[in-house]
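**Q** Please find one structure pasted underneath; my questions will follow.
The values are calculated or read from the model by the stated rules, or taken from the named source; none is laboratory data. These figures come from a predicted structure and were not determined experimentally. Cβ: placed from backbone, ideal geometry, glycine included. Neighbour counts: every protein chain shown. Accessible surface areas use protein heavy atoms only, side chains included; no ligands, DNA or RNA. Shrake-Rupley method; radii C 1.70, N 1.55, O 1.52, S 1.80 Å.
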Amino acid sequence: MTEAFDLVVHNARVATASDCFAADIGISRGRIVQIGASLPKGVRDIDAAGRVVTPGGVDAHCHLDQPMTPPLRMADDFDTGTRSAACGGTTTVIPFAAQVKGQSLRAAVADYHRRAAGKAHVDYAFHLIVSDPTPEVLQNELPQLIAEGYTSFKVYMTYDDLKLNDGQILDVLAVARNSGAMAMIHAENSDAIEWLTRKLEAAGRTAPRFHGLARPMLIEREATHRAMALAELVDVPILVVHVSGREAVEQIRWARAQGLKVFAETCPQYLFLTADDLGLDDSYQGARCICSPPPRDRANQEVIWNGLADGLFTVFSSDHAPFCMEGDEGKKPGGTEVPFRHIPNGIPGLETRMALLYSEGVLGGRITLEKFVELTATNPAKAYGLHPRKGSISVGADADLVVWDEREFVLRNADLHHAVDYTPYEGRTLRAWPGITLVGGDVVWDGQFHPRAGQGRFLHCQPSSLLPQRPRAQS
Ligand code: URP
Ligand code: ZN
Ligand code: ZN
């Protein structure tokens with residue numbers, strides 16, 4: 001007699017990046033072991049009764065417990081961050097091990113492992129942030145870390161404590177090329193932002209809403225073009241993160257038309273928020289929606305929706321960067337309302353990413369279910385070397401699944417599981433939410449959160465399967 005499955009999800013409407021079909025899913029030892037019709041009962045059973053079942057989400061851009069200069073502190077660590085991920089249907093997160101200038105990259109990675117140890121409820125990998133590309137980093141640390149499974153890194157063109165100049169960006173892109181890593185670029189023109197910020201400050205315009213005026217689209221457009229030109233010079237693909245609207249999209253379409261390999265990411269804030277959310281008057285409430293690039297307008301939202309539907313975007317991430325509104329560690333550093341230049345950038349979104357896109361994208365008729373799966377799970381797993389173990393419903397894949405409930409409800413921060421004291425989407429009506437989230441075959445969310453702190457595993461990433469595989473360079 002054959003051994004019973006540990007768990008069977010019966011009567012699922014399975015959705016993958018390529019197909020939707022009716023099937024049962026048999027799970028043993030944390031993995032999918034059979035997909036078929038009328039599987040026998042398992043040790044445990046879930047009747048999905050015609051409900052949509054997707055791969056668990058892969059959030060490939062989120063910030064958890066990233067070291068900050070005091071008094072700033074991120075509200076979510078690996079406990080609360082991965083708790084909220086699981087309750088929102090995300091079963092793998094890829095936050096950032098960020099190098100502080102002057103610090104070794106390896107020390108940043110070791111510190112970040114300590115921050116994650118024993119806390120994660122879902123599986124996780126790390127991107128690197130390279131802020132100080134010394135000869136040691138370029139020649140030794142970065143290539144070695146890439147070879148050890150940290151196969152992607154982010155570089156910034158803005159933020160004083162993180163930004164690289166063009167020469168430094170060329171240096172790290174050359175490492176990406178030689179070592180087969182995915183380079184993610186935050187594209188905004190730092191000097192132009194500083195120039196505009198000083199002008200606004202001189203005119204007394206320091207309320208949160210002026211953050212948007214200090215970062216108009218042309219600042220993102222110029223930097224996006226420059227980043228792609230630098231990548232062209234080195235002959236390496238790049239992934240432009242958090243693309244916010246038309247002008248950057250046009251640059252990416254143009255580059256692709258020239259034959260350049262450019263991947264693009266966008267985020268919920270560019271579909272669901274506008275500059276108005278930063279404030280119509282000088283109220284400090286707008287601080288809650290300060291992120292960079294800033295949300296644009298409704299016309300730009302349409303451009304982003306079109307880019308999701310037509311393949312311009314490769315991945316859809318949250319860019320969860322969690323800061324509380326109250327207290328002195330978040331949006332009011334030191335407990336006071338400060339000029340916009342000092343308000344930490346970023347908004348929470350790990351838990352709401354999947355449901356927002358499912359509700360408005362799939363059920364709103366803007367994207368197919370297959371496209372939803374591709375953007376939220378399959379492509380992020382491919383882009384960062386975790387596919388097919390993650391982001392797919394296939395035999396051998398980890399049993400990370402979401403059983404969807406399609407029902408209307410009003411989103412309240414009180415019902416979320418992050419440690420942030422607000423959601424930018426408070427009061428929005430959604431049409432779906434994960435009914436059940438499975439991580440490695442464990443029910444981690446079924447309307448109740450079932451903690452599994454420390455059972456989330458660190459994942460060593462393979463080279464991206466979206467990148468051309470080149471023979472490794474001799475050093
Ligand atoms: O405003 C943002 N996006 N904060 C998070 C850091 C980053 O640049 O992604
Ligand atoms: Zn960024
Ligand atoms: Zn980010």
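**Q** Is it true that some residue in segment 150-159 is within 16 Å of ligand 2 (Cβ to nearest atom), basic (Lys, Arg), open to solvent by 10 Å² or more (accessible area, probe 1.4 Å) and modelled with pLDDT of 95 or more?
**A** The answer is no, given that none of the residues of segment 150-159 is within 16 Å of ligand 2 (Cβ to nearest atom), basic (Lys, Arg), open to solvent by 10 Å² or more (accessible area, probe 1.4 Å) and modelled with pLDDT of 95 or more.
**Q** State whether the residues of segment 406-422 include one that is aliphatic (A, V, I, L, M) and closer than 24 Å to residue 379 by Cα.
**A** From segment 406-422, those aliphatic (A, V, I, L, M) are 410-411, 414, 416, 419-420; that's our starting set.
Checking the rest, the ones that are also closer than 24 Å to residue 379 by Cα come to none.
So far as segment 406-422 goes, no, none of its residues is aliphatic (A, V, I, L, M) and closer than 24 Å to residue 379 by Cα.
**Q** Please note which strands (runs of 3 or more DSSP E) are completely contained in segment 1-89 and include at least 1 residues that are open to solvent by 30 Å² or more (accessible area, probe 1.4 Å) and out of contact with any Leu (no Cβ under 6 Å at 6 or more places or on another chain).
**A** By residue number, 7-15, 20-28, 31-36, 44-47.
**Q** While we're on this one: Among the residues in segment 283-290, are any more than 16 Å from ligand 2 (Cβ to nearest atom) and closer than 18 Å to residue 360 by Cβ?
**A** No, segment 283-290 has no match at all.
**Q** Got a number for residues in segment 220-238 being buried (at least 23 other Cβ atoms within 10 Å of the Cβ), in contact (Cβ under 8 Å) with a residue 40 or more places away in the chain and under 28 Å from residue 342 (Cα atoms)?
**A** Going through segment 220-238 one residue at a time, the tally reaches 3.
Residues checked against (1) out of contact with any strand residue (DSSP E or B) (no Cβ under 6 Å at 6 or more places or on another chain); (2) open to solvent by less than 30 Å² (accessible area, probe 1.4 Å); (3) in a helix (DSSP H, G or I); (4) among the aliphatic types (A, V, I, L, M):
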site: 281; (1), (2), (3), (4): yes, no, no, no
site: 288; (1), (2), (3), (4): yes, no, yes, no
site: 299; (1), (2), (3), (4): yes, no, yes, yes
site: 305; (1), (2), (3), (4): yes, yes, yes, no
site: 308; (1), (2), (3), (4): yes, yes, yes, yes
site: 313; (1), (2), (3), (4): no, yes, no, no
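**Q** Output the number of the condition that residue 346 fails; it satisfies all remaining conditions of (1) open to solvent by 50 Å² or more (accessible area, probe 1.4 Å); (2) within 16 Å of ligand 2 (Cβ to nearest atom); (3) not hydrophobic (A, V, I, L, M, F, W, C).
**A** Going through the list (1) open to solvent by 50 Å² or more (accessible area, probe 1.4 Å); (2) within 16 Å of ligand 2 (Cβ to nearest atom); (3) not hydrophobic (A, V, I, L, M, F, W, C), residue 346 breaks only (1).
**Q** Let me ask something additional. Mind listing just one residue for me: the one in segment 118-149 that is touching a residue at least 60 places away in the same chain (Cβ under 8 Å) and open to solvent by 50 Å² or more (accessible area, probe 1.4 Å) and, of those, farthest from residue 60 (Cα to Cα)?
**A** If we take residues in segment 118-149 being touching a residue at least 60 places away in the same chain (Cβ under 8 Å) and open to solvent by 50 Å² or more (accessible area, probe 1.4 Å), then 139 is farthest from residue 60 (Cα to Cα).
**Q** Also, quick follow-up: Modelled with pLDDT of 95 or more and more than 20 Å from the chain's Cα centre (by Cα), is that true of residue 349? Spell out the reasoning first.
**A** Working: modelled with pLDDT of 95 or more: yes; more than 20 Å from the chain's Cα centre (by Cα): no.
Criteria not met by residue 349.
**Q** If you go through segment 351-363 one residue at a time, do you hit one that is away from ligand 3 (no atom under 16 Å from the Cβ), among the polar types (S, T, N, Q) and open to solvent by 40 Å² or more (accessible area, probe 1.4 Å)?
**A** no
**Q** In segment 51-69, how many residues are in contact with an Asp or Glu (Cβ under 6 Å, 6 or more places away or on another chain) and either more than 14 Å from ligand 2 (Cβ to nearest atom) or more than 26 Å from residue 100 (Cα to Cα) (or both)?
**A** Number satisfying all stated conditions: 3.
**Q** While we're looking at this one, here's another question. For segment 261-279: of the residues being within 26 Å of residue 173 (Cβ to Cβ) and open to solvent by less than 40 Å² (accessible area, probe 1.4 Å), which is nearest to ligand 1 (Cβ to nearest atom)?
**A** Result: 267.
**Q** Can I ask one more? Only residues that are within 11 Å of ligand 1 (Cβ to nearest atom) and either part of a strand (DSSP E or B) or surrounded by fewer than 20 Cβ atoms within 10 Å (Cβ to Cβ) (or both): list them for segment 176-190, please.
**A** Those that are within 11 Å of ligand 1 (Cβ to nearest atom) and either part of a strand (DSSP E or B) or surrounded by fewer than 20 Cβ atoms within 10 Å (Cβ to Cβ) (or both): 184, 185, 186.
**Q** Test of understanding: among 209, 256, which residue is open to solvent by 20 Å² or more (accessible area, probe 1.4 Å), farther than 28 Å from residue 354 by Cβ and away from ligand 3 (no atom under 16 Å from the Cβ)?
**A** Numbers: 256 fails: farther than 28 Å from residue 354 by Cβ.
Only one candidate qualifies: 209.
**Q** Within segment 138-175, can you find the residues that are within 16 Å of ligand 1 (Cβ to nearest atom) and more than 21 Å from residue 125 (Cβ to Cβ)?
**A** Here is the first cut: in segment 138-175, the ones within 16 Å of ligand 1 (Cβ to nearest atom) are 152-164, 169.
Of everything in segment 138-175, those that are within 16 Å of ligand 1 (Cβ to nearest atom) and more than 21 Å from residue 125 (Cβ to Cβ) turn out to be 157, 158, 159, 160, 161, 163, 164, 169.
**Q** Right, something else. Residues in segment 217-236: is at least one touching a strand residue (DSSP E or B) at 6+ places or on another chain (Cβ under 9 Å) and not in a helix (DSSP H, G or I)?
**A** Yes, segment 217-236 contains a residue that is touching a strand residue (DSSP E or B) at 6+ places or on another chain (Cβ under 9 Å) and not in a helix (DSSP H, G or I).
**Q** Right, something else. Restricting to segment 315-343, name every residue that is open to solvent by 10 Å² or more (accessible area, probe 1.4 Å) and within 16 Å of ligand 3 (Cβ to nearest atom).
**A** Correct list: 319 only.
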